[in-house]
Amino acid sequence: MPAYTPDSDLELLFDPSFIPNSFKESLPEDLHIRPLASTDVGRSHFPVLSVLSPSPTPSDKAYTAHFHKLRTINESIAHSGLPPTYVVIAIVNKENDQIVATGTVFMEWKFLRGLSLVGHIEDIAVDKKVQGKRLGLRVVTALTEISEALGAYKTILNCSVDNIPFYEKCGYKQKEREMARYKEPAPMPQQRL
C-alpha cells in the first residue's frame with residue numbers, strides 16, 4: 001500500500017490553513033483532513049463520490065484539467081484578498097493514502113443582505129466501508145466552520161427527505177423547498193480536453 005502523502009508534497013485546491021486546526025486535531029490519528037489534491041483521482045475520490053450517484057472515474061488528464069480550472073478561480077480571487085470559491089475537502093486514511101470522505105462548500109457572493117456571502121454545501125460522501133463512524137458529520141461540520149470563517153452569513157444545503165435527520169444532527173434546519181430542472185435526457189458531462 002502507498003504511504004501517506006503529506007500536504008507539502010501535493011498540489012492543493014486551496015490553502016489548508018482555512019481548515020481549523022482544532023478540527024484537524026479532533027480526527028482520529030489514522031485520518032487526515034486536507035483540501036482536495038490534483039492527484040486525488042488516484043486516491044478513490046470518484047469511488048467515494050459514487051455513493052451519491054453514478055460517477056465514472058475520469059482520466060487522470062481530465063481530472064487534473066478540471067482541478068486546475070477550480071484552482072485557477074480560487075487563485076485569481078485570492079490575489080484580490082477574497083476567500084476561495086471552491087472549497088473541496090478530503091478525509092484521507094493515512095494507512096493507505098485513500099480518501100474515505102469528501103465534501104464541498106461553494107461560496108457565493110450575493111447582492112442581498114448587504115452584499116454578503118453564502119456557503120452552499122454539496123457532495124457529502126463517505127466510503128461505504130467506513131459509514132457509521134461519524135465522518136459525514138465531521139465533513140459537514142468542517143465545511144460549515146470554513147464557510148462561517150470565510151464570512152458567510154448562512155450556509156445552506158439540499159438533501160433528500162431521508163437525509164433530513166442526519167443534517168439536523170449537524171445543526172441544520174429544514175427551510176423552504178428545493179426546485180430543480182434537469183435537461184432531458186440528463187446527459188453525463190463530457191470530458192473536454
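From helices alone, the chain scores -8000 deg cm²/dmol at 222 nm; the rule is -39500 (n - 2.57) for each run of n ≥ 4 DSSP H residues, then divide by the residue total. With a cut-off of 14 Å between beta carbons, the residues surrounding Leu137 carry a summed charge of +2, where Lys and Arg count +1 and Asp and Glu -1. As a calculated quantity, the FRET efficiency between Thr39 and Phe18 at R0 = 25 Å, using C-beta atoms, amounts to about 0.80.
Per residue, the chain exposes 62 Å² of solvent-accessible protein surface, assessed with a 1.4 angstrom probe and all protein chains in place. With q set to 0.13, 0.18 Å⁻¹, the log10 of I(q)/I(0) for the chain, from the Debye formula over equal scatterers at the Cα positions, is -0.73, -1.45. Modelled this way, with points 7 Å down the Cα-to-C-beta line, the labels at Asp9 and Glu168 are 4.5 nm from one another. Fully extending the segment from Met179 to His68 would add 36.9 nm, taking 0.36 nm per residue of separation and subtracting the current Cα-Cα distance.
Taking 0.36 nm per residue of sequence separation and removing the Cα-Cα distance, the Ser50/Lys129 pair yields an extension gain of 27.1 nm. Once the chain from Leu115 to Asn96 is taken as fully extended at 0.36 nm per residue, the excess over their C-alpha distance is 2.5 nm. Measuring nothing but how far apart in sequence close Cα pairs (under 8 Å, 6+ apart) lie, relative to its length, the chain scores a relative contact order of 20 percent. Dipole of the chain computed with +1 at Lys/Arg Cβ and -1 at Asp/Glu Cβ about the Cα centre; of Pro84, Pro185, Thr39, farthest Cα towards the positive end is Pro185.
Across the accessible surface of the chain, with the other protein chains kept in place and a 1.4 Å probe, carbon and sulfur atoms take up 53 percent. The residues packed around Ile19, meaning those with a beta-carbon under 14 Å from its beta-carbon, carry a net charge of -2 if Lys and Arg are +1 and Asp and Glu are -1. Ignoring lysines fewer than eight residues from Lys173 along the same chain, the ones with Cα atoms less than 25 angstrom from its Cα are Lys110, Lys133, Lys154. Rounded to the nearest 20, the Cβ-based charge dipole of the chain about its Cα centre (Lys and Arg +1, Asp and Glu -1) stands at 580 debye.
Find which of Ala125, Leu12, Tyr63 sits farthest along the positive direction of the dipole of the chain, computed with +1 on the beta-carbon of Lys and Arg, -1 on that of Asp and Glu, about the Cα centre. Of Ala125, Leu12, Tyr63, it is Ala125.
Peptide packing for 58-69, 33-44, 129-140 was compared via the average number of neighbouring C-beta atoms within 10 Å per residue; ordered from the highest value, the list is 33-44, 129-140, 58-69.
The values are calculated or read from the model by the stated rules, or taken from the named source; none is laboratory data. Here the structure is a predicted model, which is why all the values come from computation and not from measurement. Using ideal geometry, Cβ is built from the backbone for each residue, glycine included, and neighbour counts are taken over all protein chains shown. These area figures cover heavy atoms from the full protein model, side chains too; ligands, DNA and RNA do not enter into them. Shrake-Rupley method; radii C 1.70, N 1.55, O 1.52, S 1.80 Å.
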